[in-house]
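Input: a single structure, listed below in structure tokens.
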Amino acid sequence: MLIVLLAVPASVSGARAMSIQASFNPVQTDQGFEVTISGRIFDVGNQSVSNAVLSIQVIDPQGTSVHVAIAYSTETGTFQDSFLLQSSSPGGNYTAYIVADKPGYDTAHLTLTFALSSPDFIIGTSSSSLSIQQGQSATLTVTVLSVRGYARPVNLTAMSASGVNIQFTPSSVAPSGTTIVTFSVAYNAQPGNRTVILLGVSGTLTHRAVVELTITRGPTQILLQLLVVGVLILIVCVAFFYRRSRSKRRQREMVVEELIKQAAGDSGYLATARAIARLEELRALGKVDDATYQKLKKEYEKRVERSK
């Protein structure tokens with residue numbers, strides 16, 4: 001910002017009037033702002049005034065003196081003074097008070113101001129949201145931008161999110177620059193939404209970017225759930241068929257017991273013939289196994305022979 005002001009003091013009896021023309025010229029450097037105050041001293045006839053003594057004091061927006069100097073005008077009436085404002089200097093209006101003296105001239109005063117915006121930085125992401133499966137990872141690009149010439153390194157970090165590991169490559173960036181942030185989701189991370197806050201820290205300055213992260217079920221978890229369901233179904237089926245088989249076996253046992261009781265209680269020809277018919281019927285229905293059928297049939301046939 002270039003500001004040019006002119007001070008023309010009132011003439012004092014017996015002395016010649018003297019004026020100050022000056023300007024500020026702040027330039028951004030790696031160390032901060034290099035501020036130059038330059039100007040000219042001249043009389044009412046616009047003739048240059050040489051060898052004038054200038055007292056210069058600069059006050060920052062907080063009222064603190066940041067620079068004091070003495071300068072002299074050259075043969076052409078010009079003068080120049082420079083000083084450095086650190087990058088961390090507060091933003092706002094800086095005021096320079098300049099006083100010029102020379103024997104035979106009235107003292108000249110000039111108040112000069114310029115506005116300085118504090119250097120800063122901002123961070124942004126290539127996307128504000130991500131969706132990642134359990135056990136998987138994804139990346140985003142984080143950009144650190146310089147504001148008003150900010151050049152100090154910015155350290156990047158993230159506020160922790162449950163089940164998510166966050167890594168920056170690199171973890172420190174000089175504006176303007178970029179870094180890659182990798183989000184790695186654990187296999188056992190709980191599915192759902194996370195709000196991840198990425199932080200950029202440099203000196204007393206801190207800025208953040210927000211990423212909305214959605215964790216979905218991964219293929220491993222889906223397969224595991226299907227396996228669990230399959231095992232449960234298998235257990236139910238085995239239990240069902242076991243109970244069914246046991247029930248059938250019990251029914252067969254009861255039928256055999258009934259036949260044995262009949263054979264033991266009635267040994268007549270007709271009774272034995274009826275038992276044989278019943279045995280054949282049960283065999284046809286599959287209610288008597290072959291070994292039992294053969295055993296009982298032989299027993300009944302012997303009884304038939306004995307009853308003739």
Practice task
Kindly list the number of the only condition in (1) crowded, with 18+ Cβ neighbours inside 10 Å; (2) closer than 17 Å to ILE215 by Cα that fails for ASN188.
Solution key: (1)
Problem - Those residues of segment 59-75 which are under 44 Å from the mean Cα position of the chain (by Cα) and crowded, with 17+ Cβ neighbours inside 10 Å, in sequence order - result: ASP60, VAL66, HIS67
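Quick grid of which residues meet (1) assigned to a strand (DSSP E or B); (2) assigned by TED's automatic domain parsing to the domain that holds THR204; (3) farther than 30 Å from THR204 by Cβ:
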{"position": "GLN21", "(1), (2), (3)": "yes, no, yes"}
{"position": "PHE24", "(1), (2), (3)": "yes, no, no"}
{"position": "VAL35", "(1), (2), (3)": "yes, no, no"}
{"position": "THR76", "(1), (2), (3)": "no, no, yes"}
{"position": "PRO103", "(1), (2), (3)": "no, no, yes"}
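One line per residue, one yes/no per condition, for (1) outside any helix (DSSP H, G or I); (2) modelled with pLDDT of 70 or more:
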| residue | (1), (2) |
| --- | --- |
| GLN190 | yes, yes |
| ASN193 | yes, yes |
| VAL196 | yes, yes |
| LEU223 | no, no |
| VAL231 | no, yes |
| CYS237 | no, yes |
Practice task
Kindly check whether there is at least one residue in segment 143-161 that is over 20 Å from HIS207 (Cβ atoms), in a strand (DSSP E or B), under 15 Å from the mean Cα position of the chain (by Cα) and not charged (D, E, K, R).
Solution key: no
Problem - Answer from LEU54, LEU84 - the residue that is in a strand (DSSP E or B) and surrounded by fewer than 19 Cβ atoms within 10 Å (Cβ to Cβ) - result: LEU84
Completion exercise
For segment 41-76 the number of residues that are over 23 Å from THR113 (Cβ atoms) and either in contact (Cβ under 8 Å) with a residue 60 or more places away in the chain or of a type outside the set (A, V, I, L, M) (or both) is 11
Practice task
Would you be able to tell me the number of residues in segment 162-176 that are assigned to a strand (DSSP E or B) and in contact with a Pro (Cβ under 9 Å, 6 or more places away or on another chain)?
Solution key: 2
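The values are calculated or read from the model by the stated rules, or taken from the named source; none is laboratory data. Bear in mind the structure is a predicted one, so any value in this text is a computation, not a measurement. FYI the Cβ positions are ideal-geometry reconstructions off the backbone, even for glycines, and counts take in every protein chain you see.
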